[in-house]
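The next block holds one structure in the form of structure tokens; read it before the comments.
Taken together, the values in this text are just the output of simple stated rules run on the coordinates, not laboratory data. In this text, all values refer to a predicted model and were calculated from it rather than measured experimentally. Cβ placement follows ideal geometry from the backbone for every residue including glycine, while neighbour counts extend to all protein chains displayed.
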Amino acid sequence: MLNPFFLQGSQSEQRLVQELINEQLRMYGIDVTYIPRKIVNRDTILNEVQTSKFDDNYTIEAYINTYEGYSGAGDILTKFGMSLKDELTITISKERFEDFIAMFLEGEDDDEIIVSNRPREGDLIYFPLGQRLFEVKFVEHEDPFYQLGKNYVYQLKCELFEYEDEVIDTSIDEIDTQIQDEGYITTLQLVGIGETASASSLIQDGYIREVFLNNDGSGYTSTPIIQFDDSPVSGGTATAVAITTSVAGVHSIKEILLTNAGFGYTAAPGITIYSGGGVGAAATASIETTEKGVVSISVDDGGSGYPVAPIITVAHPSQAATATATVGASGTITSLTITNPGTQYLSAPVVAISTSGTRSGVIDLMTSANAGSGYQANETIRLVPNNVSMGGTEAIIRIDSVDGSGSVTGFTTVYGGHDFEVSSNPSADFYEARGGSGNDNFRLMVNSIQSIAGIAASATATVSAGGTVTSLTITDPGSGYQSVPTVTIANEDSIKSGVRATARVEVSSGNIVTAVRIVNPGIGYTENPTVTIENPPLIAGIGTFIFNELITGSSSGTTARVKEWISSSKTLKISYVDGTFTNGELIVGAESSASYAIDFYTNDDTYDKYTDNDSIETEADLIVDFTESNPFGNY
């Protein structure tokens, strides 16, 4: 039986002890940062935590119980790698934790925070004196053992935190940068400034029209040399390069691309393929002697900022016809004028006239304000808006009936024009009628206006036997044109015999265009065509990436977190890579909005001094070579 005359601890006594403990912790302890662990991904089968993050921080007083184990047992080399055993035991106030930390954790997602009312194993403690992170391994909550019937402190037994790709983003640089160079870190080499490349072409006849690879050969250890027989014309000998490939360990020629299609050939030249260590490759060529094709494309400016080869476009051999339109006072197309008849048309091309858009201030209703005199039935007159000089168009009025003196008794609005106005003052909306046989004192008052959509005009073309556009016929004048529209005459689907040349660009390791290879010289050119090389992915990279922010690839959707941004070399160190980045795509920082194009991605960790996997693998390959067959047998 407990002695009924003695209390075993009243609330006031418990409160006094708790406050004395809190006071002692403030006097003899130090401020540490408590960082709760949040669960990002969990294995639902084994119920294991796969990914964690630490993005909150709470300052709390702690007393250092034991520091003898702070130095631990040293760094122990085990069969699983380096094991760090530095330990630290601290005491924190139970009341202070519940009042200043637990209450905030209770509002977190239950899937992220499992236990919120006490410290948890797996949470982190930042020890400022040593600037080190410790992981809570065990929480002792019953020592001392229920003094006065209550517990007042937590003892946290911690070990030095071993980083395993957790996300640590507490917004305190002193803490976050502790793991800046830890974990598996890969590299994105980015492009800073880009400049568009340019090239020019040359056409000739008697050129190599096509190269046929009759046998791709085998055993090539380097690129073989392609040699054409000499052209009858000095300087006209064609040149080409071979592109090799490897299938199932067999190295052969994939294709032959022209670097110069040559000129002056009257018969197909022979092709010799030699060097490169291989045998058996053979090719033949065809030529074009009557029409011209693109025989060479020269790089005028290699540009910059091309992490991948850009698309190159050679203009079509035929010239598109061009024309202009004339807009009448009624907002319709009155005529089409050919400015360039084009070349090599085999059939009538499609003619497209841009739309007229929407007209505002179109006359909807008018009444006669003064009938005038001397007019005749069925004649046409015009009504001019006040701002015709600003682009407004005239309305067209047809007189339907007149009396004996020629005064207008009936009329019809043929075309409502545009930019007319209706004001609150009726006298301001009187418009003088112009033209016709009568006096100019016939006036109309505009009662209402509206906005209507115009109708696009249409036309057809006529082509001569010589392949040029000779005339354009308006089939519908359209309506509502407030300005001169654009007239486009097609040339792609109606050319005579021309074939567009195609080419491929080569880019150096410095991200500049170094050469152009001709895939198809085309046929039917009459002048050197324009060559266009597409812009680099980004003309200029902008911004500064922020440590720990999320970046995303624009085309691959791959994400990663920033470890370090080295602006001088445009190198981005990243971790937590989810996916595969694509060379040439843009990456954008979620917080900084920094945007750069990727030159190349290195997925090897070159920053960890203990990571020598590539070196070990290379040395192992020198000992046992599995490329031909397994020396230990196949099963």
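Observations
- As a rough guide to protection, the peptides 182-192, 209-219, 471-481 ranked by mean Cβ packing within 10 Å, highest first, stand as 182-192, 471-481, 209-219.
- Interchain or long-range residues, amide H under 5 Å from ALA540's placed H: GLY194
- Quotient of C-alpha Rg and 2.2 N^0.38 Å, computed over the chain: 1.64
- In a reduced charge model with +1 at each Lys and Arg Cβ and -1 at each Asp and Glu Cβ, the chain shows a dipole moment near 2940 debye about its Cα centre.
- Fewest-first ranking of TYR375, TYR306, using other Cβ atoms within 10 Å as the exposure measure: TYR375, TYR306
- In the range 235-287, one over the average inverse separation of all distinct C-alpha pairs is 12.6 Å, which is the Kirkwood hydrodynamic radius.
- Gyration tensor over the Cα atoms of the range 513-556: the corresponding equivalent ellipsoid has semi-axes (square roots of 5 times the eigenvalues, largest first) of 41, 12, 9 Å.
- Pairs from LYS137/LYS570; LYS254/LYS573; LYS157/LYS573; LYS94/LYS137; LYS254/LYS570 whose Cα-Cα separation, in the structure shown, is over 29 Å: LYS137/LYS570; LYS254/LYS573; LYS157/LYS573; LYS254/LYS570
- Between amide H atoms placed 1.01 Å from N, distances below 5 Å from THR322 occur with THR339, ASN340, GLY342, all of them 5 or more places distant or on a separate chain.
- Nearest-ten-degree value, helix 613-623 long axis tilted from longest Cα axis of the chain: 90
- Under 5 Å from the amide H of ASN447 lie the amide H atoms of LEU365, MET366, THR367, each residue being 5 or more positions distant or on a separate chain, with H modelled from the backbone and absent for Pro and chain starts.
- Extension reserve of the THR606-ILE542 stretch, reckoned as 0.36 nm per residue once the Cα distance is removed: 20.4 nm
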